[in-house]
Amino acid sequence: DFLFRKESKLVRKEIYDDLFLFRLFSLLQSGPFVLLPSMALSASRYFRQQRNNALHFDAEMRIAQLLLKDVDYEVKAVYNATLLGIREILLQQLSRMKGIDHFQEYYSFYIIWAESMYYGKIFHEQAAAWYKEQGDRANPIGDIP
């Protein structure tokens, strides 16, 4: 219902905003890694121009800044450290948000994607594990019949 009340220009802008972060994750997953710093610079510039307050695009800006570094992502330790850094940025962002267990679909999606790359799992498998873990934390005694 919320989307139907928004102006189509705002919906299109939000999709365009998301494309910058999506492209960074896509490059992290599939490469070529050599394009990451230039794409991160482009994303960083875009997010900086679109900011309307200090927290707007905070996580996106921090991720872009992290990926600006010219590092060798072919080295597994470097790659994994970067993914863990991104995950931490996203978890910090979620901790500032309101909602059930600080869930926010947009950032949670990227946390799952980063974890799937880190663990070398297919996205839907990592998503299932992530949602199960979230459910176990919300209901520590297990499923209630």
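FYI, it's all coordinate maths here, none of it is from the lab. Since the model is a prediction, treat every value here as computed from it, not as a measurement. Every residue, glycine among them, receives a Cβ derived from its backbone with ideal geometry; neighbour counts consider all protein chains shown.
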Measure off 7 Å from each Cα along the Cα-to-Cβ vector at Gln29 and Gln50, then give the distance between these two points in nanometres to one decimal.
1.9 nm
Rounded to a whole number, the Stokes-Einstein D of the range 26-68 in µm²/s (Kirkwood radius over Cα pairs; 25 °C; 0.890 mPa s) is 232 µm²/s
Hey, rough spin-label estimate for Glu14 and His124, points 7 angstrom out along Cα→Cβ, what's it come to in nanometres?
2.6 nm
On full extension of the chain, what length is gained from Leu41 through Glu74, given 0.36 nm per residue of separation minus the C-alpha to C-alpha distance?
9.8 nm
Full-extension gain in nm, Leu91 to Glu105, via 0.36 nm per residue minus C-alpha separation:
3.8 nm
